[in-house]
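Following this message is one structure expressed as structure tokens.
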Amino acid sequence: MLSSLLIPLDLSPSSERVVARAALLPLPSGARVTLLHVVPRLLQRESRARAEEDAQQALEATAKRLGPALPRGTEVHTVVKVGVAAAEISKEAKSSRAGLIVVGRGNGRALDLFLGSTAERVIRKGQLPVLVVRLAPRAPYRRPAIALDLDLAAREALAGLLSLTPSPHLPVTAIHAYDAPYQGLIYPSLSPEAAEAYRDEHRAKALRELERLLTTSMAQLHQPPERGTAWNRLVQYGPARTVIERAVKKVNADLLVLGTHGYSGVAHAFLGTVAGDVLREVACDVLVVPPLRLAAESS
């Protein structure tokens, strides 16, 4: 995933956070990093030409600062395009054979203009994992969390997590929100104790399924037992969005990994899904990983 990065930059101050995070990712030797800026086509021709020159100079200056922070042999390329940002990002991702797109977002709870109009659309396409950077990076990720839904999307999400956090003994919080069917129904003879026991029974079942998922997925990803990932299993009853947001805050996560189902297009209407809601609310960086099937179909 990290052999080729695409980093779209809007050249605002928040772009520095994105570039700084890229410098801290565990890139392999010989990786390729592409810095991209898309100039709006709506600019008048003369203004657009000047904007292209300014963007090229800004990207080259960024590449010059970034180069020494990257592993030896990393190639840094700069590309300036004219058009609609999301469409040009998609084209460049295919052209550069990117394995990961790294974008930025604002500080407030409301999505900033760039995320709302561009990164969201890139995520919706479901072609590639997208790392949305919010925090000012000071070190590699040290407190990662992953939200798992005990389905086929989990393995791709775990693969993304392992790519960004290669440390063999890094503790990881695995978050799962479980449901207790019929819990909301009210029966006069059902005591609070019985209701609690009913919920605990489903929690125990969810814990067993989560354990089986982690063991199976790590084996499928060829991760040896000695890798020693220390799993902090956080299984709670309630809506997924609420459970994830509380868990991220509780463990002070610096990275949250989300897998998307994409049964009818990734998150079929990304905003309004759990992934979209969580992306709005959490204070940490978020890696959104599409299902492998959809990524292959759109490539």
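Condition first: in a loop (DSSP other than H, G, I, E, B) and modelled with pLDDT of 90 or more. Now tell me which residues in the range 13-32 satisfy that. If you could, list the steps in order and put the result at the bottom.
Pass one, the range 13-32, residues in a loop (DSSP other than H, G, I, E, B): 13-14, 25-31.
Matches in the range 13-32: Leu25, Pro26, Leu27, Pro28, Gly30, Ala31.
Table: residues versus (1) in contact (Cβ under 8 Å) with a residue 24 or more places away in the chain; (2) of a type outside the set (S, T, N, Q).
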residue: Glu16; (1), (2): no, yes
residue: Ala22; (1), (2): yes, yes
residue: Val38; (1), (2): yes, yes
residue: Gln44; (1), (2): no, no
residue: Glu52; (1), (2): yes, yes
residue: Ala55; (1), (2): yes, yes
residue: Ala58; (1), (2): yes, yes
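Quick check, is Thr273 in contact with a Pro (Cβ under 9 Å, 6 or more places away or on another chain), β-branched (Val, Ile, Thr) and either open to solvent by 40 Å² or more (accessible area, probe 1.4 Å) or at pLDDT below 85 (or both)?
Numbers: in contact with a Pro (Cβ under 9 Å, 6 or more places away or on another chain): no; β-branched (Val, Ile, Thr): yes; either open to solvent by 40 Å² or more (accessible area, probe 1.4 Å) or at pLDDT below 85 (or both): yes.
Taking the combined requirement at face value, the residue does not satisfy it.
Okay, moving on. Can you report the number of residues in the range 148-178 which are over 21 Å from Val18 (Cα atoms), of a type in the set (A, V, I, L, M, F, W, C) and either in a loop (DSSP other than H, G, I, E, B) or modelled with pLDDT of 90 or more (or both)?
Count: 7.
Here is a yes/no grid of residues against (1) in a helix (DSSP H, G or I); (2) surrounded by fewer than 21 Cβ atoms within 10 Å (Cβ to Cβ); (3) at pLDDT 95 or above:
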{"residue": "Leu11", "(1), (2), (3)": "no, yes, no"}
{"residue": "Thr34", "(1), (2), (3)": "no, no, yes"}
{"residue": "Glu46", "(1), (2), (3)": "yes, yes, no"}
{"residue": "Ala51", "(1), (2), (3)": "yes, yes, no"}
{"residue": "Leu59", "(1), (2), (3)": "yes, no, yes"}
{"residue": "Val82", "(1), (2), (3)": "no, yes, no"}
{"residue": "Ile89", "(1), (2), (3)": "yes, no, no"}
{"residue": "Lys94", "(1), (2), (3)": "yes, yes, no"}
{"residue": "Val103", "(1), (2), (3)": "no, no, no"}
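Looking only at residues that are modelled with pLDDT of 85 or more and of a type in the set (S, T, N, Q) in the range 206-260, which one is least open to solvent (accessible area, probe 1.4 Å)?
Ranking the qualifying residues of the range 206-260, first place goes to Thr242.
Six or more apart or on different chains, Cβ atoms under 7 Å: show the pairs whose first residue is in the range 197-210 and within 20 Å of Ala174 (Cα to Cα) and part of a helix (DSSP H, G or I) and whose second is at pLDDT 85 or above and not β-branched (Val, Ile, Thr).
Listed pairs, sorted by first residue: Arg199/Tyr237; Arg203/Tyr237; Ala206/His176; Leu207/Arg233; Leu210/Leu148; Leu210/Ala174; Leu210/His176; Leu210/Arg233.
Then there's this: Residues being at pLDDT 85 or above and of a type in the set (A, V, I, L, M): count how many of those fall in the range 179-205.
Residues flagged as at pLDDT 85 or above and of a type in the set (A, V, I, L, M) within the range 179-205 amount to 1.
Determine whether the range 281-292 contains at least one residue that is farther than 28 Å from Asp200 by Cα, modelled with pLDDT under 80, out of contact with any strand residue (DSSP E or B) (no Cβ under 7 Å at 6 or more places or on another chain) and part of a loop (DSSP other than H, G, I, E, B). If you could, list the steps in order and put the result at the bottom.
Here is the first cut: in the range 281-292, the residues farther than 28 Å from Asp200 by Cα are 281, 283-292.
Now narrow it down to the ones that are modelled with pLDDT under 80: 291-292.
From what is left, the residues that are out of contact with any strand residue (DSSP E or B) (no Cβ under 7 Å at 6 or more places or on another chain) are 291-292.
Those left that are additionally part of a loop (DSSP other than H, G, I, E, B): 291.
Yes, the conditions are met somewhere in the range 281-292.
Moving on. Please identify the pairs in which a residue from the range 273-290 that is within 14 Å of Val248 (Cα to Cα) has its Cβ atom under 6 Å from the Cβ atom of a residue that is hydroxyl-bearing (Ser, Thr, Tyr) and not in a helix (DSSP H, G or I), counting only partners at least 6 apart or on another chain.
Within 6 Å, the pairs are Ala275/Thr260.
The values are calculated or read from the model by the stated rules, or taken from the named source; none is laboratory data. Keep in mind that this is a model prediction, so the values were computed, not measured. Virtual Cβ from ideal backbone geometry, glycine too; neighbours counted across all protein chains shown. Keep in mind that these areas ignore ligands, DNA and RNA; they rest on the heavy atoms of the full protein, side chains included. Shrake-Rupley method; radii C 1.70, N 1.55, O 1.52, S 1.80 Å.
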